[in-house]
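The values are calculated or read from the model by the stated rules, or taken from the named source; none is laboratory data. All values reported here derive from a predicted model rather than from experimental measurement. Every residue, glycine as well, gets a Cβ built from its backbone with ideal geometry; the counts of neighbours run over all protein chains shown.
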Amino acid sequence: MNKVNDSGNAVNVSNFKKLIDVVSSYKLDYKPANVALTVAALTAKWTAADTSQSLINAANEKATPLIHDREALFAPLNKLITRSLNSFNSTQILPTTKNSAKSIADSIRGFTKYVPKVVPVKVDPITKLVIPPVTVVHISTSHQSYVMRVDSMDKYVQLIMQEPLYIPSETDITVAGLTTLYTALKAANQGIGAVLSPVDNARIDRDDALYNTTDGIFELQKLVKNYVISIYGAGSAKAKMVTKIKFTKNN
């Protein structure tokens, strides 16, 4: 969860309400021909964005202690897997199997880097316009990395389980010990995933309300300011009441 961007987005939502309050104070002077700029239309747009922002804030608060608990649970994992791998390598198991174990262990420890797939830009063959990508509900990159580590942990446990020569004396790196840890790690991910999925959906709705290039808040505030300037003039005190309200494009 990107708290920096979320903070900036929250400011945009709050400032849009300020903008609505200001233009409402103009009373009968504020009568835009563009229905999208009416106080009622602007308020509906703000309400949708504010509702989504509130869901994001609530989910973030709910997720925070779960995230801290998960971080504590994952903290010793790398050293534990390294110890297990060294124990595994101390046996007379086939070299090819040891190589497989190391490859999986490296994934758990983050020694391999995930390269995201590049989605090519699609262009309409008739209009020659870029076709917007389909919106995909996503989980945060941070959460994905935890999920992938647990998936690799499962593969590692499955591999060492098949080797009768792997019988370490240290309880925490036995098959049973690592299986217990894997179960706990998976449960931690599932608990956070249940919290993060709704917040990602809310973030998509919030970002659409803010940054949709057709009728998003970021575009509407510019139109509102232009209209107010057309009423009172660029240097007027009333125009400055709206132009001083700042918005930042964060997506």
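What pairs can you find where one residue is in segment 44-73 and more than 10 Å from residue 13 (Cβ to Cβ) and polar (S, T, N, Q), the other is in a helix (DSSP H, G or I) and at pLDDT below 95, and their Cβ atoms are less than 8 Å apart, with a gap of 6+ or different chains?
Filtered contacts from segment 44-73: 57/10; 60/3; 60/6; 60/199.
Within the group 127, 135, which residue is in contact with a helix residue (DSSP H, G or I) (Cβ under 8 Å, 6 or more places away or on another chain) and either modelled with pLDDT under 95 or of a type in the set (D, E, K, R) (or both)?
135
Is it true that residue 15 is assigned to a helix (DSSP H, G or I) and closer than 27 Å to residue 224 by Cα?
So residue 15 fits the description; yes.
Quickly run through segment 74-90 and pick out the residues that are touching a Lys or Arg at 6+ places or on another chain (Cβ under 8 Å) and without any contact (Cβ under 8 Å) to a residue 24 or more places away in the chain. Walk me through how you get there before you give the answer.
First pass over segment 74-90, keeping only residues touching a Lys or Arg at 6+ places or on another chain (Cβ under 8 Å): 74, 77-78, 81-82, 85, 88-89.
Passing the criteria: 85, 89.
Out of the residues in segment 91-112 meeting the condition of being free of Cβ contacts under 8 Å to residues at least 40 places away in the same chain and assigned to a helix (DSSP H, G or I), tell me which one is farthest from residue 148 (Cα to Cα).
Looking at the filtered set, the residue picked out is 95.
Taking segment 1-60 only, how many residues are more than 27 Å from the chain's Cα centre (by Cα), polar (S, T, N, Q) and surrounded by 14 or more Cβ atoms within 10 Å (Cβ to Cβ)?
Of the residues in that region, 1 qualify.
Yes or no, residue by residue, for (1) touching a strand residue (DSSP E or B) at 6+ places or on another chain (Cβ under 6 Å); (2) part of a loop (DSSP other than H, G, I, E, B); (3) modelled with pLDDT under 95:
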position: 21; (1), (2), (3): no, no, no
position: 32; (1), (2), (3): no, yes, no
position: 42; (1), (2), (3): no, no, no
position: 55; (1), (2), (3): no, no, yes
position: 59; (1), (2), (3): no, no, yes
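Testing residue 222 on (1) under 30 Å from residue 7 (Cβ atoms); (2) crowded, with 17+ Cβ neighbours inside 10 Å; (3) at pLDDT 95 or above, one condition comes back false. Which one is that?
(2)
Quick one: is residue 59 of a type outside the set (Ser, Thr, Tyr) and touching a Pro at 6+ places or on another chain (Cβ under 8 Å)?
Yes; evaluated as a whole, the condition is true for this residue.
Among the helices (runs of 4 or more DSSP H) confined wholly to segment 154-251, which include 3 or more residues that are of a type in the set (Ser, Thr, Tyr) and under 30 Å from residue 37 (Cα atoms)?
217-232
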